[in-house]
Amino acid sequence: MKNTHIYNKHKQNGVALIASMVLLLVITLLSLSSMRNTNIDTKIAVNHQHKQISFQAAESALFKLMSPNPTITVPLTEAAVPVMNSNYFISTGVDSQPNVDADISMDYIRVSNPGEFKFNGFGLSLTTLIYQADAVGSVAGSNATAHNRMGVVLIRN
């Protein structure tokens, strides 16, 4: 009977090694999976940040367009094609941020009737040129873009 007991004891000598190798393999696979998920989450966060930055660039271009003396080329007739103002807004990145820029396309809509619009509450006998401004902001080194649109009125005597 003693020989049978010794025989069973020697038969189990490699089980601990195999169990620990399987456990090590499972832990390694879980670690690799979590590292991959972290990389994907980081890419998602960076893409979201680039999308927000491109939106802000387009907004900045429209804000620049609303400044007191915008320097922009506009079409002057209804038959004219929209005029593209490339790199209307440019900002160089700081602190490891990418460069951003925005283009503005001005599309002539129509001429208003005299006094059709009120400015600061007063109906003036002025005609206005009505445009549609399309600003497209982009981030250098990425495919992130944002498109913003607004109506623009230029007052003419």
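Numbers at a glance
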item: Filter result for residue 109 (assigned to a strand (DSSP E or B), of a type in the set (A, V, I, L, M) and over 18 Å from the mean Cα position of the chain (by Cα)); result: yes
item: Of all residues in region 111-157 being charged (D, E, K, R) and at pLDDT below 90, the one that is farthest from residue 94 (Cα to Cα); result: 116
item: Those residues of region 64-85 which are over 14 Å from residue 107 (Cα atoms), exposed (fewer than 12 other Cβ atoms within 10 Å of the Cβ) and at pLDDT 85 or above, in sequence order; result: 66, 67, 71
item: Residue count for region 66-101, restricted to those that are under 19 Å from residue 55 (Cβ atoms) and among the hydrophobic types (A, V, I, L, M, F, W, C); result: 5
item: Criterion violated by residue 129 - all others in (1) in contact with a Lys or Arg (Cβ under 7 Å, 6 or more places away or on another chain); (2) in contact (Cβ under 8 Å) with a residue 12 or more places away in the chain; (3) closer than 30 Å to residue 53 by Cβ satisfied; result: (3)
item: Residue 27 being surrounded by 13 or more Cβ atoms within 10 Å (Cβ to Cβ) and among the hydrophobic types (A, V, I, L, M, F, W, C); result: no
item: Residues of region 78-93 satisfying the condition of being touching a residue at least 24 places away in the same chain (Cβ under 8 Å), closer than 16 Å to residue 132 by Cα and not in a strand (DSSP E or B); result: 78, 80, 82
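The values are calculated or read from the model by the stated rules, or taken from the named source; none is laboratory data. What you see is a predicted model, and the numbers here were worked out from it, not measured in a lab. We place every Cβ from the backbone using ideal geometry, glycine too, and count neighbours over all the protein chains shown.
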